[in-house]
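The next block holds one structure in the form of structure tokens; read it before the comments.
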Amino acid sequence: MSVLVFVESAEGKIKKTSLEAVAYGAKMSDEVVVVAFGNVASDELESTGKYGANKVLHISDDSYNDGVIQAYATAIAQAMDQSGADALVMANSSLGTPVAARVAIKKGAGLVTNVSDLPDTSNGFEVKKSIYTGKAFATVKVDKAIKVLAIKKNAVELVEGSGSAAVEAFSPNAQDGDFATKITATKKAEGDVLLPEAEIVVSGGRGLKGPENWGMIEDLAKTLGAATGCSKPVSDMDWRPHHEHVGQTGVKVAPNLYIAVGISGAIQHLAGVNSSKNIVVINKDPEAPFFKAADYGIVGDAFEVLPKLTEAIKALK
Amino acid sequence: MKILVCITHVPDTTSRISFTDNDTKFDTNGVQFIIGPYDDYALARAVELKEANGATLTVLNVGLADAEPTIRKALAIGADDAIRVNAEPSDSLFVANQIAHYAKEGGYDLILMGRESIDFNGGVVHGMVGEILGLPSISPVMTLELDGNTAQLSREIEGGKEQIEVDLPFVAGCQEPIAEWKIPNMRGIMTARTKPLNVVEPVGDETGATLVNFEMPPAKGAVKMIDADNVGELVDLLKNEAKVL
Ligand SMILES: Cc1cc2nc3c(=O)[nH]c(=O)nc-3n(C[C@H](O)[C@H](O)[C@H](O)COP(=O)(O)OP(=O)(O)OC[C@H]3O[C@@H](n4cnc5c(N)ncnc54)[C@H](O)[C@@H]3O)c2cc1C
Ligand SMILES: Nc1ncnc2c1ncn2[C@@H]1O[C@H](COP(=O)(O)O)[C@@H](O)[C@H]1O
């Protein structure tokens, strides 16, 4: 098997979830080629070798700076032809997943997204994926010769090795309609730790009473180098931006540590956090359902507990 | 204008999930079924567009007869007619082929779906349908405004959003805050009973993947409670036991 890995970058740096995709590809095969788009320096691209890539196909044409779904799908399908790949791996993301869908059709491939584990090839090609929004898993058998996999965060452990990948320029042939969607503007939250990728997340719910109290959440997050999140009503009321809303209908996070403050723990919220490795719940109601899903809990008033917690962590650092 | 909205028939978001038949079948016992929440956003926006611009609105579901109450609910919310492709929706590629076939036949200007189904969590059927039909596909879409033949969309990306311009026809996978979920009113419920619900047969049987079995996540250990006056103990546990600080 030969694997192509589509990696994404932000501000010239390859995303950690994409490096996990490279590491995942390297577990599947010794032949791993990466395809990367946009303005990324050669040494950054070469460093994918540390996770098992042999070669990088770099598409530096400016028209690919924005993630246009159709254009990326065409380019990636061509990169698969170029490298002779019979499998494509990428991170499950707002770009990766829609692109994967189109590539799968172009290549007549079997597609699995939300993949949570390495494939089992002892009996055909079987792979495990998360379903029912994290409440269960399904193992599926891919029926096609070509496989396309979009993997969840933490599906594979990231261990840095010492290799270096050879970078080659690659120029795809855009097809009619590839740029039919025009990206006219991109707005990004600046400087902050990105929620879907964060190792630590501090989330606030309706228990915080109003947007003016978010300073406490931000202080704790800053102290921990964490991203901030919230429950759905909080973003519905515009206390916080929509992209911070965690849960069934929002962002699904999988950090090492999730700290939930003033969130009751409705099943729809839990659906977005149940892949977290450790959960801390701070709630003044000892009956709050979130405690049942937590590893550590404090029954108390957020307005008293949070500042103390932030101080105690500052003291540690 | 002709709008198609594709809806799933899925367990209510509060459902307890369990499996039967040696973990190969979803246990529907005591489970309430709903329109997929993201599909419900797509439907709500479609109803608004219909009210604003005039349009015919068709809902489509690939599913068995047990999905019909869910489809009737979509008719009560404001769709004009419905298509049920009579087949078990067991695989994304299979579903996408069905939708693409009937979407092409109907010549729709706008095909709206949810960003993902909440049972299978694929997030891919819209992209597959777009590719099969040679149409743009955009997901996850947070806002959608139409100006004649051109649409302005915003798409969520990690930690931000993109503004996108695209001409009809296209396929979109929708999420909030595109519209507020609509609750059917009495008149809607009454008229839904007589609106056409056409049952059609599937085309082809191609699949991309087949189910081997289901599995529940490992059970969670008991929560450790810490006194509110002793946050230092929490910090200590996070550092030395959980090793996350
Ligand atoms: C289809 C559907 C999808 C949904 N999707 C999502 C989703 O993706 N994400 C999501 O979050 N929700 C979602 N919801 C909503 C969900 O059901 C809950 O309503 C929501 O999660 C509750 O938010 P909350 O915990 O912030 O507020 P509440 O339920 O009001 O809880 C507030 C909590 O704060 C505690 N509290 C109050 N004061 C203090 C204090 N001073 N100190 C400490 N604690 C305090 C209270 O004890 C309480 O537990 C969805 C609902 C539906 C129907
Ligand atoms: N069986 C189905 N019938 C109709 N539409 C579907 C079906 N399955 C998926 N869809 C649509 O495709 C979207 C994405 O589904 P998925 O790729 O399964 O996450 C859903 O939100 C629906 O709008």
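Values computed for the structure shown
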| read-out | value |
| --- | --- |
| Residues whose placed amide H lies under 5 Å from that of A:ALA136, excluding near-sequence neighbours | A:ILE131 |
| Fraction of antiparallel bridges per DSSP, chain B only, in percent to nearest 5 | 40 percent |
| 3J(HN,Hα) from dihedral phi, the range A:290-300, Karplus parametrisation 6.51/-1.76/1.60, rounded to Hz, x for glycine, proline | 4, 4, 5, 9, 9, 8, 10, x, 10, 8, x |
| Volume per residue that the Cα convex hull of chain B spans, once the total is divided by residue count, Å³ | 189 Å³ |
| Cα centroid of the range A:59-130 to Cα centroid of the range A:157-208, whole Å | 15 Å |
| Loop sites in the range A:117-180: chymotrypsin sites (Phe, Trp or Tyr not before Pro), DSSP, at most 12 other Cβ within 10 Å | none |
| The range B:166-177 - phi-based ³J(HN,Hα) in whole Hz, Karplus 6.51/-1.76/1.60, Gly and Pro as x | 8, 8, 5, x, 7, 10, 10, x, 9, 8, 5, x |
| Order of A:LYS15, A:LYS182 under a 10 Å beta carbon neighbour criterion, fewest first | A:LYS182, A:LYS15 |
| Proximal aspartates and glutamates to A:LYS182, defined as alpha-carbon separation beneath 12 angstrom and excluding residues fewer than eight positions away on the same chain | A:ASP66, B:GLU162, B:GLU165, B:ASP167 |
| Percent antiparallel among DSSP beta bridges (both partners in the protein assembly as shown, rounded to 5) | 35 percent |
| Gain in span if fully extended, B:GLU105 to B:GLU68, counting 0.36 nm per residue against the direct Cα distance | 11.1 nm |
| Which of B:TRP181, A:TRP239, A:TRP214 has the fewest Cβ neighbours within 10 Å, and the rest in rising order | B:TRP181, A:TRP214, A:TRP239 |
| For chain A, built as a Gaussian network whose Cα springs stay under 10 Å, the top-fluctuating residue of A:ALA169, A:ALA227, A:ALA53 | A:ALA169 |
| Beta bridges per DSSP with both ends in the range B:1-92, % antiparallel, nearest 5 | 30 percent |
| Total lysine pairs under 30 Å (Cα atoms) in the range B:2-216, excluding pairs fewer than 8 apart on one chain | 19 |
| DSSP-loop GluC sites (Glu not before Pro) across the range A:118-183, with at most 13 other Cβ within 10 angstrom | A:GLU157, A:GLU160 |
| Max mean-square fluctuation residue, GNM over chain B, Cα-Cα springs under 10 Å, options B:VAL47, B:VAL129, B:VAL231 | B:VAL231 |
| For A:VAL35, residues with placed amide H under 5 Å, excluding near neighbours | A:VAL5, A:PHE6, A:VAL7, A:LEU57 |
| Least to most buried among B:ILE83, B:ILE7, A:ILE146, B:ILE138 (fewest other Cβ within 10 Å first) | A:ILE146, B:ILE83, B:ILE138, B:ILE7 |
| The range A:20-47 and the range B:188-230: distance between their alpha carbon centers, rounded to Å | 34 Å |
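Since every read-out is calculated from the coordinates, none of them should be taken as a lab result. The structure presented is a predicted model; accordingly, all values stated were derived computationally and were not measured. Reconstructed Cβ throughout: ideal geometry from the backbone, glycine too, with neighbour counts over all protein chains shown.
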